[in-house]
Amino acid sequence: MEEKQYVVDALSIEETWRIFRIMAEFVEAIETLSGIQPAVSIFGSARTKPDDPYYQKAEQTARLLSESGFSVITGGGPGIMEAGNKGAAAVGGQSVGMNIRLPYEQKPNTYANIAIDYKYFFIRKVMFVKYAVAYVILPGGFGTMDELFEALTLIQTKRIKGFPVILMGSDYWKGLVDWLRGTMLGQNKISPDDLDLFQVIDDPEEAVKYIKKYVIV
């Protein structure tokens, strides 16, 4: 009985210290990001290679955003994230990489001039939203979809102020958009206005122009 009680007490202490680690990670992130310019968060697959057209679009978009006075935030890893940080850094912009510690795929890229390392996914997700005035989302996997629908849900439910959400890559997103319109809207699971919460824009210059219509830097 005493041994069981000791195990329970040890677990309770560990949970208590976890709360402090979470608080510390929040504090570090807020202190690091509180001084950045209005930022655009760029998302997409870690598996995208530099010779991929989407990598090049992400890099160009980030460069144009930085030249327009925006900071660029990415997940800090390879692929589209690397492209975003690279494009921003190339023109002397604030290039923020918010890396998450994972056993595979996610390794910090070398182009972020402001870097944060996260243990907890949910803290990183809060920071993506908190400091973003827009999202640009390129083709990606589960993590990219997670960030997309997190933002759309928060905007839809008015938990955050609405901001531009741009899907870049119409060929990639066509199936999803058709399903949202034909199935989700068709079965009355969302409202017609919910489809206006995002825009599909392929051209980096048009994407930046759209963001600048809604955000004054």
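A few points about this structure:
- Single residue of segment 79-111 satisfying the filter (charged (D, E, K, R) and either buried (at least 23 other Cβ atoms within 10 Å of the Cβ) or without any contact (Cβ under 8 Å) to a residue 40 or more places away in the chain (or both)) that is farthest from Lys125 (Cα to Cα): Lys86
- Just one of the listed residues (Asp202, Asp178) is of a type in the set (Asp, Glu), over 23 Å from Ile100 (Cβ atoms), touching a Ser or Thr at 6+ places or on another chain (Cβ under 6 Å) and at pLDDT 95 or above, and it is Asp202.
- Taken together, Thr183, Thr153, Thr144 contain a single residue that is modelled with pLDDT of 95 or more, farther than 26 Å from Leu65 by Cβ and among the polar types (S, T, N, Q), which is Thr183.
- When restricted to residues that are aliphatic (A, V, I, L, M), under 16 Å from Ala151 (Cβ atoms) and not in a loop (DSSP other than H, G, I, E, B), segment 173-217 contains 8.
- Any hit, segment 112-128, residues being over 27 Å from Ala24 (Cβ atoms), surrounded by 18 or more Cβ atoms within 10 Å (Cβ to Cβ) and touching a Leu at 6+ places or on another chain (Cβ under 9 Å): no
- Residue count for segment 62-86 under the criterion of being closer than 19 Å to Asp52 by Cα and in contact with a Leu (Cβ under 8 Å, 6 or more places away or on another chain): the result is 1.
- Selection status of Ala151, of a type in the set (A, V, I, L, M, F, W, C) and outside any helix (DSSP H, G or I): no
- Checking Ile30 against (1) farther than 16 Å from Val133 by Cβ; (2) at pLDDT 95 or above, the condition it does not meet: (2)
- Residue tally, condition surrounded by 11 or more Cβ atoms within 10 Å (Cβ to Cβ) and either more than 19 Å from Gln60 (Cβ to Cβ) or out of contact with any helix residue (DSSP H, G or I) (no Cβ under 8 Å at 6 or more places or on another chain) (or both), over segment 192-217: 12
- Among (1) touching a residue at least 60 places away in the same chain (Cβ under 8 Å); (2) part of a helix (DSSP H, G or I), the one test that Ile42 misses: (2)
- Members of segment 79-102 found to be at pLDDT 95 or above and of a type outside the set (A, V, I, L, M), listed by number: Gly79, Glu82, Gly84, Asn85, Lys86, Gly87, Gly92, Gly93, Gln94, Ser95, Gly97
- Residue that is nearest to the chain's Cα centre (by Cα), among those in segment 32-50 that are within 24 Å of Phe142 (Cβ to Cβ) and loosely packed, with under 15 Cβ neighbours inside 10 Å: Arg47
- Checklist (1) in a helix (DSSP H, G or I); (2) touching a helix residue (DSSP H, G or I) at 6+ places or on another chain (Cβ under 8 Å) applied to Gly143, failing item: (2)
- Residues of segment 168-217 that turn out to be in contact with a Leu (Cβ under 8 Å, 6 or more places away or on another chain) and charged (D, E, K, R), as a count: 3
The values are calculated or read from the model by the stated rules, or taken from the named source; none is laboratory data. Being a predicted model, the structure only gives us computed values, none of them experimental. Don't worry about glycine lacking a Cβ; one is built from the backbone with ideal geometry, like all the others, and counts go over all protein chains shown.
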